[in-house]
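Nothing in this text is a laboratory measurement; each read-out follows from the coordinates by a stated rule. Predicted, not measured: the structure shown is a model, and the values here were computed from it. Positions of Cβ are generated from backbone atoms using ideal geometry, with glycine treated the same way; all protein chains shown enter the neighbour counts.
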Amino acid sequence: MSKMTYREAVRAALRKALHDDPRVFLMGEDVGRYGGAFAVSLGLLGEFGPERIRDTPLSESTFVGAGIGAALGGMRPIVEIMTINFSLLALDQILNNAAALRHMSGGQLRVPMVVRVATGGGRQLAAQHSHSLEGWYAHIPGIKVLTPATVADAYGMLLAALGEPDPVFLFEHATLYSLEGDLAEEAGPCDISRGEVRRPGRDLTLITYGGSLGKALLAAEQLAAAGLEAEVIDLRTLRPLDAQTIVQSVRKTHRAVVIDEAWRTGSFAAEVSAQIMENAFDDLDAPVARVCSEEVPMPYAKHLEDAALPQVDEIVAAARELVPRHG
Amino acid sequence: MSVTTMPERPPVTPEHAVFLLREMLRIRRFEEKAAEMYSLGKIHGFLHLYIGEEATGVGSMQAFTPDDAIVATYREHGHALARGMPARVLMAEMYGKVTGCSHGHGGSMHFFDTNRRFYGGYAIVGGGLPIAIGLALADQMQNRQAITACYFGDGAVAEGEFHESLNLAALWKLPVVFLCENNLYAMGTALERHQAQTDISRKAAVYGLSASAVDGMDVLAVEAATREAAASVRGGKGPYLLELRTYRFRAHSMADPDLYRTKEEIAEWKKRDPIVLFQNRLRESGMLTDEIVARIEAEVGDEIGQAVQFAEESPREPVEDLLKEVGGQNRS
Ligand SMILES: Cc1ncc(C[n+]2csc(CCOP(=O)(O)OP(=O)(O)O)c2C)c(N)n1
Ligand SMILES: [Mg+2]
């Protein structure tokens, strides 16, 4: 077991992948000399050289497309997109090529590309650097969408992604990079097909992923102090979604709150809520509740940003509302 | 920029000349048949014909080896045929049959054949250029000698990906030959109505690529110019952009009433029909006789007749397999 930050865990996985497989290379804006906008790849240039730690121009569409082409050509590219808002410039390549090529070619082409994207708000970066759009990506058949929320997952999910034959997107919540946690010495690729119960409970289920996991766990502690045992589920993988873990929990607790940093309308929380309705309707004792971001472009001022993002007290309030005697 | 018009007619053996003619005729007759089958309701969706542009695809394809990679657009029947894909798998694809080159998942705009390193028809204008960049990067990083041929139209020049890709190719000295098939129109928008600078090879030159332009109606000139471009790329001089100046005789697609250009303009260009031009030239030099032409036509006719029969008789993919090739599913 060793203690490290989420950032160090991603870096350790990158280092291991680069070391183990000569086909792996990292490409993106400022991943080399600068060391990565979030310092994830700091030091890797010196270790692996500019061919494999490849700085690109500000051409999101073309370097993501180049990742696709390189994957077709036998490489294992890891493409870093600095921030999810910038990934929109590459959305064409992602949707129309990466996700479509295998099926559109009758199964001839496979695109084993990994794309890492920083996502989320909470750092006072305002309306062009702070959104949580991973739910949009989870809408796309043909790709996997992973949202590592822990140090162990930051490491294990990246390695697992590199073992996949099709495109995998990892959305790393930017507030998590400095999170500390444990990584087992023998850690390797982890299971990316399942959600995880991060805290067991019997009274209600808090369902979340990525940057909101910490808030959900804090809310569960506060609820426990008030006598409510909340089960906390970390979805981990948004596509393909492990609905079974959600449904199993709701069958037990009969109540659910979904916490998602995206805007409420059309959010991934809506998808989770629909899954519960479709698969566990008769088990519900209350309507599924959602705690999402306010429907506003993310504001800069701290008090406004805080008001826009899901907060622990809102999760607690939503949970208490679901349980009559605590309402 | 240097416009490479052949100062002298490049020498050509009779065998090769007849081969080039046959390749152009295969495309012409294949597409005439496709248009007919479209009218008969056998082929659906969009159908973009290449008729009039055959010399660009056939001439240029001669410069690429089986190890090289090809990236094309939605107007790619000619490239696929010139690359050696059998007419029958293309026809079957347009019929939506499982024997089609993409199992009927792609249709006319999305032909693929990994065995021939034909990386496909891309229907998002400009969207194939970054793919070509990546294929070339993979070849470069793995020390392979292969180069990538990337075809696109004049319309793609207005897309950001054209500029990003040219820059990246030059910056990383990637082995790509960009082949811009300038047919003077992007759907109904004429080149001078969508480009402030209409000289496309000049744009490439400012990004640091070698660049030239050639008469795309002259198959031998196209072949010679592409060989030169490919040799330059193979020689390690970085990417090259070749502008192939051509014209499409048919409407943009079967859905296009062709209201944006005059009959006179089309008639004027048809005088430079690449197949007629080449036939006349070969006859003048004594390489072609009526018998040879008749023989080629008969053979091509047979191939296309068989392609239609194959497409007609082929099975459709079972609906149970609809999701089979969707990526990103959990493997059990
Ligand atoms: C990004 C994008 N925008 C618009 C279209 C619609 N469209 C299809 S073909 C075309 C014209 C392209 O012209 P050009 O690149 O010159 O190729 P050509 O059709 O002449 O071969 C347009 C506008 C598209 N397919 N993709
Ligand atoms: Mg055009």
- Share antiparallel - DSSP beta bridges, the protein assembly as shown, percent rounded to 5: 15
- One finds the C-alpha centres of region B:201-243 and region B:131-190 to be spaced, in Å, by 12
- Task: Please give the FRET efficiency for B:K237 paired with A:T265, using the beta carbon to beta carbon distance and R0 = 56 Å, rounded to the nearest 0.05.
- Result: 0.55
- Query: Shielding of A:140-149 by partners, i.e. mean partner chain Cβ atoms within 10 Å per residue?
  - Reply: 2
- Once amide H atoms are placed 1.01 Å from N in the peptide plane, what residues at a sequence separation of 5 or more from B:E317, or on another chain, have their amide H within under 5 Å of its amide H? B:V98
- Mean other chain Cβ within 10 Å across B:116-126 is 3
- Task: Answer rounded, prolate or oblate for region B:25-116, using the Cα gyration tensor with square roots of eigenvalues a ≥ b ≥ c: rounded when a/c is under 1.5, else prolate when a/b is larger than b/c, else oblate.
- Result: oblate
- If you line up the long axis of helix A:268-280 against the longest principal axis of chain A, both from Cα atoms, how many degrees apart are they, to the nearest 10? 60
- Query: Most mobile of A:P299, A:P167, A:P77 per a Gaussian network model of chain A (Cα springs, under 10 Å)?
  - Reply: A:P299
- Message: Using Cα springs under 10 Å in a Gaussian network model of chain B, which residue among B:E159, B:E228, B:E268 shows the largest mean-square fluctuation?
- Response: B:E268
- Task: Kindly flag which residue pairs out of A:K252/A:K302; A:K3/A:K302; A:K3/A:K215; A:K16/A:K144 have an alpha-carbon separation exceeding 29 Å in this structure.
- Result: A:K252/A:K302; A:K3/A:K302
- How high is the relative contact order of region B:179-332, in percent, with contacts defined as C-alpha pairs under 8 Å that are six or more residues apart? 23
- Message: With both bridge residues required to lie in chain A, what share of the DSSP beta bridges run antiparallel, to the nearest 5%?
- Response: 20
- Query: In sequence order, what are the phi-derived ³J(HN,Hα) couplings for region A:74-86 according to the Karplus relation 6.51 cos²θ - 1.76 cosθ + 1.60 with θ = phi - 60°, rounded to whole Hz, with x for glycine and proline?
  - Reply: x, 8, 10, x, 10, 9, 9, 10, 3, 8, 4, 4, 6
- Query: Going by alpha carbons, how many degrees (0 to 90, nearest 10) lie between the helix axis of A:213-225 and the longest principal axis of chain A?
  - Reply: 20
- Would you grab the residues whose amide H sits under 5 Å from the one on A:R198? Only those 5+ places off in sequence or on another chain, please, with H modelled 1.01 Å from N. A:V232, A:I233, A:D234
- Query: In whole Å, how far is the Cα centre of region A:221-279 from that of region B:106-128?
  - Reply: 41
- Message: If you fit an axis through the alpha-carbon atoms of helix A:312-322 and take the longest principal axis of the Cα set of chain A, what angle between them do you get, 0 to 90°, nearest 10?
- Response: 50
- Query: Which order do peptides A:122-134, A:80-92 fall in by mean Cβ count within 10 Å, highest first?
  - Reply: A:80-92, A:122-134
- Query: When DSSP beta bridges are limited to those with both residues in region A:196-326, what percentage is antiparallel, rounded to the nearest 5?
  - Reply: 20
- Say the dipole of the protein assembly as shown comes from +1 at the beta carbon of Lys and Arg and -1 at that of Asp and Glu; which of A:G210, B:G100, B:N182 then lies farthest toward its positive end? B:N182
- Item | Mean Cβ count within 10 Å, highest first, over the residues of peptides A:158-164, B:71-77, B:235-241 | B:71-77, A:158-164, B:235-241
- Query: Peptide B:139-148: average number of partner chain Cβ atoms within 10 Å per residue?
  - Reply: 3
- Message: What is the distance in Å between the Cα centroid of region A:92-134 and that of region B:244-321?
- Response: 40
